[in-house]
Structure formats: C-alpha cells, structure tokens
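The values are calculated or read from the model by the stated rules, or taken from the named source; none is laboratory data. Since the model is a prediction, treat every value here as computed from it, not as a measurement. Glycine gets a Cβ as well: all are built from the backbone with ideal geometry, and neighbour counts include every protein chain shown. What goes into the accessible areas is simple: the full protein's heavy atoms, side chains included, and nothing from ligands, DNA or RNA. Shrake-Rupley method; radii C 1.70, N 1.55, O 1.52, S 1.80 Å.
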Amino acid sequence: MIVAACPAIAADMDGPIIAGSPVFSYDNAADTTDMLEPSGSGFSGYVEGSFSKAFDTPYDVDGRAWALRGSINIEGPSGLNVQFDGGYARTTVEDVSVNQLVGAGHTYYRDREFAIGGFVQASSIGADYLGYSLDGTIKDYLGGVEGAWFMDQATVYGRAGYGQAKWEGYSADHAVGAIGARLYATDNFRFDVEGAINRLSHADLKLDTRSATFSINCERNEHPTF
C-alpha cells in the first residue's frame, strides 16, 4: 500500500489573512504573512489560483497542474479567532490525473506575545485514467494543536497533529509535526525556515516523510510589526 501524506494546514496565527497570503500549499510551504496588530473584530480572507505547464520534457511528456484555494478568518473579541481553509488541486501527466481536495478548520487565541489553538483537517487524494478511477481514493483525517511566540525580531511557531489515513479498507496512523521560525531583518525583509515530519504507521511498518523549507521574503509593508 502506498500512501501520500498530506501536510497539516497552518493557521494564520501570526497575521490576519490578506490577499496573496498563502495559508497553505501542497509542498509544505508555510504562510508568509508578517504579523500585524489584531484589529479586534472582523473578517478577512482570500481566494487564489495557479497554473503550471511543463515544456521541453524528455520524450515530449505532457504535464500540467492547476490549483484553487482560499481561506477566511473571523476575528472575534478578546483575541479569539476562527479560520476555515479549503483547496483543490489537479495534476495531469499524459492521460493520468491526480486530484487533491483539502479542508481545515482552526480555533485559536492570539495577543501581542503568543498564539495558541487547535485544528482539524480532512483531505483526499485520488487518481484517474481516461475517466476511470485508479486504486480508490486515499482519505486522511488529522487533528492537533498549533502555537506561535512573538518576539521583537522573530516569530517561532509549531504544530503537531495525529489522525488516520485510509485507503481501500486499509488504515494507517498518521502523525505530523512541524517547527519553524521567521526572522525579521527589517520590517520588509524576512528569513523563513521550517522543518516538518509526517509518519505513517501500520502494524510494524513505518513510513517517514521529512521536509525542510527555507525562503527569503521581501515586501513593502506599511503596517508596524512587533
């Protein structure tokens, strides 16, 4: 049985969601929003799409992918927040397509020094060939905790979750953990680093997927950071 682990979607704890802020992605990338001062109450969110196509591939293999995703954050009184995320992606190589559907909900508390909360997530991955389903659909369910600590020039965050992945009558325990940091050189220049692990366990079999992400962000920011 081959199971593809789905990364846990991170809440936008360290900044209200604004247009263009990727709360989650399919390659484990973290959100890239600077921490802005909470407004006290209100709604924020975004919807975005992407498309890519392979050119000049060996044997002229045709490959393309597109994705649509969005999120809404509801900021209530006293630092309480509720966030909902959803996304769909489709990758096609020749006549084989892989579809991924992800949804998550978060509840968390945030103030000027820290944020803490919990999340639940459901996702599915399925493939088809000329309209016919291949090997069923992998379904993955996760729940866990997440948090962030805000300092003058850095934000440290982490999340941990546990659940199950199911496929054609089989099931495997799924544990996920991630820790990362955002280091602010200036208000508009930031270094991001994150390490994550997904572990699938079935009987005596264990499959670990590890990832490391490093990015440099430079953007114009007219809001103060803390």
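Summary of values
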{"quantity": "Spatial separation of Cα centroids for the range 156-193 and the range 38-104, in angstrom", "calculated": "16 Å"}
{"quantity": "Carbon plus sulfur fraction of accessible area for the range 42-218, probe 1.4 Å, in percent", "calculated": "63 percent"}
{"quantity": "Calculated from backbone phi, Karplus (6.51, -1.76, 1.60) coupling profile of the range 167-182 in Hz, x at Gly/Pro", "calculated": "7, 6, x, 8, 9, 9, 5, 10, 10, 9, x, 8, 9, x, 8, 10"}
{"quantity": "Where the range 70-171 is the region considered: accessible area per residue in Å², 1.4 Å probe", "calculated": "51 Å²"}
{"quantity": "Spin-label model distance (nm) - residue 59 vs residue 186, 7 Å beyond Cα toward Cβ", "calculated": "5.0 nm"}
{"quantity": "Amide H partners (placed H, <5 Å) of residue 187, local residues excluded", "calculated": "none"}
